[in-house]
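In what follows, a structure is listed as structure tokens, so that the remarks can point back to it.
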Amino acid sequence: MPERSLKVLQLTDSHLYADPSRCLLGINTLETFDQVLAQALHEQGVPDLMLATGDLVHDASEKGYKRLLGRLKLTGIPTYCLPGNHDLPHKMKQLLNQDNVHTQPSVQEDGWSLIFLDSTIPGNESGNLDKTQMELLQLLLEAHTDKHTLICMHHHPLPVGSRWMDTMALRNPDQLFSLIDQHPQVKAILCGHIHQEFEGDYNGVKLLGTPSTCVQFIAGQDDFGIDACPPGYRWMELLPDGEIKTGLGLLPEVPSGLDLASMGY
């Protein structure tokens, strides 16, 4: 039987709240999450798995995580959640490990190994892969040398060209890339956090960043700025030969009420 491609949908930076009516920078994050998810499934069909790559619940509330869980469970799609700087990893593990929704560190499927790292620092917006996470990454890379590998984390490991955002990047990228250099099966690193499209390269390894399901940040600007760009998602097709096909899907228009004049959040 011929090998098949693995279809993946990434949703990131949903910033949900305990209160379903609450807005971030003028827009209701629950409404835009629902709209993005529905459009993604309509446009791309049902993926083999979904990735939720951090800043899932802005206030890290139990109600927010349970509301997210309910929506993810309804899809029936295996979904892997990892934390961002607005999340509480221990609370995610307590609440999001049910049925088709998981917070486990990796999954292997159809010739691919997907690794999910916790790059959060308690009480800090920037990222770090601590000793435990680096040891976990090394263990998983050595255990699956025969599988093409996608590494997923919330924080971006290389600058994206926005000074304020790059102050909140991964603090120890050299350790990460040193390990990756020893494992040629790594094909890409997928992140959230930056609320914008990004495609880069490190020695042939793709670096991919994705728009948020709510608000977007202006790319290439030194200071904080809100972009008049719609919420979106990333689709990926992981091919048997290690190639990755990928693209974005965006809502047809910017949500009404978006506060473009905001100087921060």
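The values are calculated or read from the model by the stated rules, or taken from the named source; none is laboratory data. Bear in mind the structure is a predicted one, so any value in this text is a computation, not a measurement. Cβ sites come from the backbone with ideal geometry, for glycine too, and all protein chains shown count toward neighbours.
Some points to look at:
- No other residue among Leu88, Leu68 is touching a Leu at 6+ places or on another chain (Cβ under 8 Å), modelled with pLDDT of 95 or more and either under 27 Å from Ser256 (Cα atoms) or hydrophobic (A, V, I, L, M, F, W, C) (or both) apart from Leu68.
- For segment 83-127, the set of residues classified as out of contact with any helix residue (DSSP H, G or I) (no Cβ under 8 Å at 6 or more places or on another chain) and of a type in the set (A, V, I, L, M) consists of Leu88, Val107, Leu114, Ile121, listed by residue number.
- Here Leu248 passes the criteria (1) surrounded by fewer than 16 Cβ atoms within 10 Å (Cβ to Cβ); (2) in contact with a Pro (Cβ under 8 Å, 6 or more places away or on another chain); (3) assigned to a loop (DSSP other than H, G, I, E, B) except the one numbered (3).
- Entry remark, segment 221-265: residues being of a type outside the set (D, E, K, R), under 15 Å from Gly161 (Cα atoms) and in contact (Cβ under 8 Å) with a residue 60 or more places away in the chain number 1 in total.
- Residue in segment 79-97 that is under 22 Å from Asp201 (Cα atoms), in contact (Cβ under 8 Å) with a residue 60 or more places away in the chain and part of a loop (DSSP other than H, G, I, E, B) present: no
- Residues of segment 115-143 classified as farther than 15 Å from Thr103 by Cβ, part of a strand (DSSP E or B) and either in contact with a Leu (Cβ under 7 Å, 6 or more places away or on another chain) or among the polar types (S, T, N, Q) (or both), total: 3
- The lone exception for Gly209 - which of (1) of a type in the set (Gly, Ala, Ser); (2) within 19 Å of Gln39 (Cα to Cα); (3) in contact with a Phe, Trp or Tyr (Cβ under 6 Å, 6 or more places away or on another chain) it fails: (2)
- Of Leu41, Leu72, all but one fail to be outside any loop (DSSP other than H, G, I, E, B) and crowded, with 21+ Cβ neighbours inside 10 Å; the exception is Leu72.
- Residues of segment 215-265 classified as under 18 Å from the mean Cα position of the chain (by Cα) and of a type in the set (Asp, Glu), total: 1
- Count - residues of segment 184-203 that are surrounded by fewer than 17 Cβ atoms within 10 Å (Cβ to Cβ) and closer than 22 Å to Gln108 by Cβ: 2
- Pick from segment 1-16, criterion buried (at least 20 other Cβ atoms within 10 Å of the Cβ) and of a type outside the set (Val, Ile, Thr), ranking: farthest from Leu88 (Cα to Cα): Leu6
- Cβ-Cβ under 6 Å pairs, at least 6 apart or on other chains, segment 36-58 side free of Cβ contacts under 8 Å to residues at least 40 places away in the same chain, far side part of a loop (DSSP other than H, G, I, E, B): none
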